[in-house]
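Values quoted throughout were computed directly from the atomic coordinates according to the rules given, and no laboratory measurement underlies them. Computed from a predicted structure; not experimentally measured.
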Amino acid sequence: MTADEPPATRTAATQEFYTRYASLYDLIARRTPGVRRLRRAGVDALDPDPGDVVVEVGCGTGANFSHLRERVGPAGVVVGVDVTPGVLSIARDRIERAGWDNVHVVRGDARRPPVADADAVLATFLSGMLADPAAAVRGWADLVGPGGRLALVDLGRSTHPLARPLNVPFRGLVRASTPPSGGARREAQPTRVLERRLVAAHRELDRVCADVHRETRALGFARVAGGRVGER
């Protein structure tokens, strides 16, 4: 596949890739050491209020749902959006088993969530998958409006002295977890694509939000940031 492929072809390849590995992805999302704490940190950065409508874009198998539901309470609503049928199937099963009547999933483009209104948007491990993450962040800011909240959780190369040797296996992980049509996989150094996209997303978050709080975790591999959208 090439960079000149039409978007529909790239989307189909992404759906096929993540549907094929949906169960493995769910296992990694739930069982990898430290990931649960990182997901909770993302929800803390989002800081939704009880009763809020929260949209999680690129929700995957719904590993964040329990944390989000805990924060919005029974009067709030959690809506997960993902383009891949396989991961949404697992997310729906998770909702049904837990009996959550205020958690829903919908198939759609994370860049343009098919949701009319929301108080907050969370994107976890998504920025590096988007060709134009800055535009996506602007769209999410428009969705929640002034005073709404946005949060990003992303993984990238670490500059921490103790973690630099781990950048080599991290690069392999990026390549292995990128769909065949993804720009990162085509690059000789796939993490360069990831880093450019992460920088673009987080810069845009700084631009559209008035009070961004950010932190790094997991020896510098994880970046967590959240803030309230300002007047534009």
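Brief remarks on what is shown
- Working note: Cα atoms of the stretch 58-158, range along each principal axis, descending, whole Å: 36, 30, 28.
- Full extension of the chain between Asn102 and Arg232 gives 43.6 nm of extra length, using 0.36 nm per residue less the Cα-Cα distance.
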